[in-house]
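Have a look at the structure below, then the notes.
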Amino acid sequence: MHDEILISEDAFLHRMARLRNGVLQALALERCASPSRVGSIYSGCVARIQPGMDAAFVTIEPGLQGLLSLAHPQCPASLRQGQRLLVQVTRDSVGDKRPQLSAVLGLPGSHLVLLASRQGTGLSRRIQDPASRRRLGSLLAELAAGIEGAGLLARTAAADAPEALLREEARLLAVRWQALHAAPALQGPPRVLVQELPFAQRVLRDLPGPTPCTIRVADAETAAALRSWCAVYRPAFAPLVEYAGGSVPLSIRRGVDTAIESLLQPRVALPSGGSLIIEQTSAMTTVDVNTGAGSGSSDAALTANLEAVAAVPRELRLRGIGGLIAVDFVSLTDSAAWRQVLDALQPALEEDGACGRVHRVDPLGVVLFTRRQAGAPLSELVRGHD
């Protein structure tokens, strides 16, 4: 299986695409003119408290406020207008919604995450091998003991990482944590204190799954900077980074732009001839499952539904769709067949990582669940791009 990462940009968009045997598996986009703030830490000032919303509006930059939920148990008690505090952006502004903030700070690395206000350690649920969990648990307990006021979480990538690399990453995170608290953070105007990584480094730091076969970068300067960064923070990736020049843009040459165009269309073809119709509204996203023309048998309905179970999480992930999702499956009269669909759905949603559990199953075949919205959907990111 050929697994490759493509990183490219034009005057409008940064792009990261993961292809396996030429098929798009993951996609990340960012507007060049408005980089994501997610992960950045700010010295903020409480602008006003909204008791009815159990939230506060916090100024993080001149003219920009974020929304801080007061319901989190680790949120400072008794906030007041004008109070200064450190906050971290957890979600970019989407549409007319303000950036979402958290008072619980985290410093992510490629293999570990330093979590403020949390003592001890934690392991990614995706690390399932008992021996790996024991090894990492013991090592993290030792490393976390030397970090005052914070704990450590092992990301999935830590499972196969050498001990020396984890120790060095923990040291670097501790240095950053100490520097953050040594600075006069709560003096002066609201401002950014910890800026997130550039797009290319960020997507490789957070890249899930196995190590790819190659990482092709369209820009020579970006490729050189990425190779240097990987040598320190993701050594296994450094020899994989290569400059992929050419007169035709990389995203066009490898079919990424064509794939993006198809993701902007409401109709998704299913292998058996059926289809999905995906429609977004301000309140929710609806997915209508259809069988192929003239296929009215129960077997055709079950086949279309099972194909939809596999396709829906992928389409939501690639399109960057979050919020409330309603999937209208093809009606099934056989209760055993309907149970087969539902039994396949929950594991498919869990594999996505951002989807919650099924909230409701309607007798008519409508299933409701939610998906975490981390940023602007694909349709909004490419709006206005020629």
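The values are calculated or read from the model by the stated rules, or taken from the named source; none is laboratory data. Note that the structure is predicted; figures quoted are calculated from it, not measured. A quick note on method: Cβ atoms are made from the backbone with ideal geometry, for glycine too, and the neighbour counts reach across all protein chains shown. The accessibility values were calculated without ligands, DNA or RNA, using every heavy atom of the protein model including side chains. Shrake-Rupley method; radii C 1.70, N 1.55, O 1.52, S 1.80 Å.
Helical content of the chain, expressed as a calculated mean residue ellipticity at 222 nm, amounts to -9000 deg cm²/dmol (DSSP H runs of 4 or more residues, -39,500 (n - 2.57) each, divided by residue number, nearest 500). Here the gap between Q195 and L324, fully extended at 0.36 nm per residue and compared with their Cα-Cα distance, gives a gain of 43.3 nm. The calculated FRET efficiency for the pair A225 and E163, based on their C-beta separation and a Förster distance of 41 Å, comes to about 0.90. Is the shape of the stretch 1-44 best called rounded, prolate or oblate, per the rule: a/c under 1.5 gives rounded, else a/b larger than b/c gives prolate, else oblate, with a ≥ b ≥ c the square roots of the Cα gyration tensor eigenvalues? It is oblate, given that a/c is not under 1.5 and a/b is not larger than b/c.
Computed with a 1.4 Å probe over protein heavy atoms only, the accessible surface of the stretch 129-246 comes to 51 Å² per residue. A simple count of charges around I215, restricted to other residues whose Cβ falls under 11 Å of its Cβ and scoring Lys, Arg +1 and Asp, Glu -1, yields +1. With springs only between Cα atoms under 10 Å, which of R253, R314, R191 fluctuates most in a Gaussian network model of the chain? The residue with the greatest mean-square fluctuation here is R253. Between the listed residues Q65, S379, I252, the Cα displaced farthest toward the positive end of the dipole of the chain, a dipole computed from Cβ unit charges relative to the Cα centre, is found at Q65. With all protein chains in place and a 1.4 Å probe, the accessible surface of the chain carries 53 percent carbon and sulfur.
Counting charges near N290 (Lys, Arg +1; Asp, Glu -1) among other residues having Cβ under 14 Å from its Cβ returns a value of -3. Just to confirm my numbers, what's the Cα centroid distance between the stretch 332-365 and the stretch 208-240 in Å? Each part's Cα centre sits 38 Å from the other's.
Listed values (i) 1.12; (ii) 0.98; (iii) 1.06 include one computed from this model; for Rg/Rh (Cα atoms, Kirkwood Rh) that value carries the label (ii). Can you check what the net charge comes to around R37, using other residues whose Cβ is under 13 Å from the Cβ of R37 (Lys, Arg +1; Asp, Glu -1)? After counting each charged neighbour, the total is +1.
Approximating the spin labels as points 7 Å out from Cα along Cα→Cβ, the Q178-to-D206 distance works out to 2.9 nm. On full extension of the chain, what length is gained from A344 through A47, given 0.36 nm per residue of separation minus the C-alpha to C-alpha distance? Result: 102.2 nm gained on full extension. Distance from the C-alpha centroid of the stretch 94-120 to that of the stretch 41-72: 15 Å, rounded to the whole angstrom. Comparing mean-square fluctuations of I215, I277, I321 from a GNM of the chain with C-alpha springs under 10 Å, the top value falls on I277.
Normalised radius of gyration (Cα atoms, divided by 2.2 N^0.38 Å) for the stretch 105-184: 1.03. Give the calculated FRET efficiency between L79 and D299 to the nearest 0.05, with a Förster radius of 35 Å applied to their Cβ-Cβ distance. Approximately 0.05, to the nearest 0.05.
The ellipsoid that matches the Cα gyration tensor of the stretch 111-249 has semi-axes, each √(5λ) in whole angstrom, of 29, 23, 11, with the longest given first. Within the P(r) computed for the stretch 263-386, what percentage of the Cα pairs occupies the region above 18 Å? Here the long-distance tail beyond 18 Å is 50 percent of all Cα pairs in the stretch 263-386.
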